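The values are calculated or read from the model by the stated rules, or taken from the named source; none is laboratory data. Since the structure is predicted, the reported quantities are computational estimates derived from the model, not experimental observations. Don't worry about glycine lacking a Cβ; one is built from the backbone with ideal geometry, like all the others, and counts go over all protein chains shown. These accessible areas exclude ligands, DNA and RNA; they are computed on the full protein's heavy atoms, side chains included. Shrake-Rupley method; radii C 1.70, N 1.55, O 1.52, S 1.80 Å.
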Amino acid sequence: MVLKVLRWAGKAVLAGITALVLLSAVALVYSCTGVHITNETGATDYRWEPNQFRSNMAEGFSWFRMNGDGFNNSFDCSEVERTDILLMGSSHMEACNVAKDRNAGFLLNRSLPQYVTCNIGISGHTIYQCVDNLQAAVSVYRPSEYILIETDRIVLDEGRMQEVLAGKLEHIPSHDSGALYLLQKYIPCFLPLYRNLENWKGASSVGSADVAAGFSGEEIGKEDTYFDTLDRFLEKINCIAGNTKVIIFYHPETIIDANGLLPEPDTEASDTFQQMCADHGITLLDMYGDFASLYQKEHKLAHGFANTAVGYGHLNEEGHRLIAERLTAEIKGEKNGVK
């Protein structure tokens, strides 16, 4: 009896190991993110392990390695003599959904070869995390010309802004050691399985850290303290940037309706945010017009991929291209005195 149990247990263990090996082989090609570690510089809450391999076929298509600093750059920013342009943002700028030579950071280095652009965009770092980490990022990279901040929202959450202003915004944690670290590092299928389980458990939940605030430009006037908080939030950006020019670029959703039409832009929110940015010497670039023109002329969307729902998800190659072109035109225009 004991021998039978041992044989059964041995077969179960062998079957489990075989399953993990096969699943990990698939994960290496289909969806491999690896592990992230705490960024000791504070320029971001975390960074990916240096030279870590990334693969993605779940949303978009890409296979590449992070740079030696743990970011999606074609070079190590820590090794260059200077940084002229610092690009900050969320997973849209981390750009693990497109090829390494198709993201906005890479394209900016190509279209503005006289400047060195360092991209430290990383998942989960919305405008709140970017501003919270801005002082450290400026101290580390010392951008001489521009700070570019990506955002997918222009009606901000007052509570999150207040947390940033008070220095109380919760940082994104990393598992730098221990069992979770080892499982993620050496068993590629662990993280996809874990995330899918978490997504399944939370399928009925509403909202996330990357969802925009729950009111529109028509309603922000009802928030008594909203504008004061936003004013102080933008002033914080301006004070930290000093003489370095700040450009915030906003990319709205491009989800078509049942009639094949894009949603109408929230012009009130855009105009309000743009004016308040201007009051602090910050330039706001609203990408709605660029995205709408792309759809109307070429029937292409700036978000979404062949393996996702139409128009949903991260910026695709067209979105990155349009953002890079708009930023390039803005920077060249400012340098040539054309506005």
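What about Glu59, is it open to solvent by less than 80 Å² (accessible area, probe 1.4 Å) and of a type outside the set (A, V, I, L, M, F, W, C)?
Working: open to solvent by less than 80 Å² (accessible area, probe 1.4 Å): yes; of a type outside the set (A, V, I, L, M, F, W, C): yes.
Yes.
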* Quick check: is even one residue across region 167-174 part of a helix (DSSP H, G or I) and out of contact with any Phe, Trp or Tyr (no Cβ under 8 Å at 6 or more places or on another chain)? -> no
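Do you know which residues across region 245-273 are open to solvent by 30 Å² or more (accessible area, probe 1.4 Å) and under 16 Å from Leu327 (Cβ atoms)?
From region 245-273, those open to solvent by 30 Å² or more (accessible area, probe 1.4 Å) are 245, 250, 253, 255-259, 261, 263-268, 271-272; that's our starting set.
Within region 245-273, Lys245, Tyr250 qualify.
Of all residues in region 283-316, how many are in a loop (DSSP other than H, G, I, E, B), aliphatic (A, V, I, L, M) and closer than 19 Å to Ala104 by Cβ? Walk me through how you get there before you give the answer.
The initial filter retains those residues of region 283-316 that are in a loop (DSSP other than H, G, I, E, B), namely 287, 299-302, 304-314, 316.
When the remaining residues are screened for being aliphatic (A, V, I, L, M), the result is 287, 301-302, 306, 309-310.
Imposing the further condition that a residue be closer than 19 Å to Ala104 by Cβ reduces the set to 287, 301-302.
Result for region 283-316: 3.
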* Is there a residue being assigned to a loop (DSSP other than H, G, I, E, B), at pLDDT 95 or above and more than 25 Å from Ile331 (Cβ to Cβ) anywhere in region 81-94? -> no
* To do: Might you let me know whether region 57-72 holds any residue that is assigned to a loop (DSSP other than H, G, I, E, B), closer than 30 Å to Ser139 by Cβ, in contact (Cβ under 8 Å) with a residue 40 or more places away in the chain and not acidic (Asp, Glu)?
  => yes
* Only one of (1) surrounded by fewer than 24 Cβ atoms within 10 Å (Cβ to Cβ); (2) among the aliphatic types (A, V, I, L, M); (3) under 21 Å from Ile237 (Cα atoms); (4) in contact with a Phe, Trp or Tyr (Cβ under 8 Å, 6 or more places away or on another chain) fails for Leu86. Which number is that? -> (1)
* Looking at region 126-143, is at least one residue touching a His at 6+ places or on another chain (Cβ under 6 Å), open to solvent by less than 10 Å² (accessible area, probe 1.4 Å) and either of a type outside the set (Ser, Thr, Tyr) or closer than 24 Å to Gln274 by Cβ (or both)? -> no
* **Flag if Thr225 is surrounded by 12 or more Cβ atoms within 10 Å (Cβ to Cβ) and modelled with pLDDT of 65 or more** => no
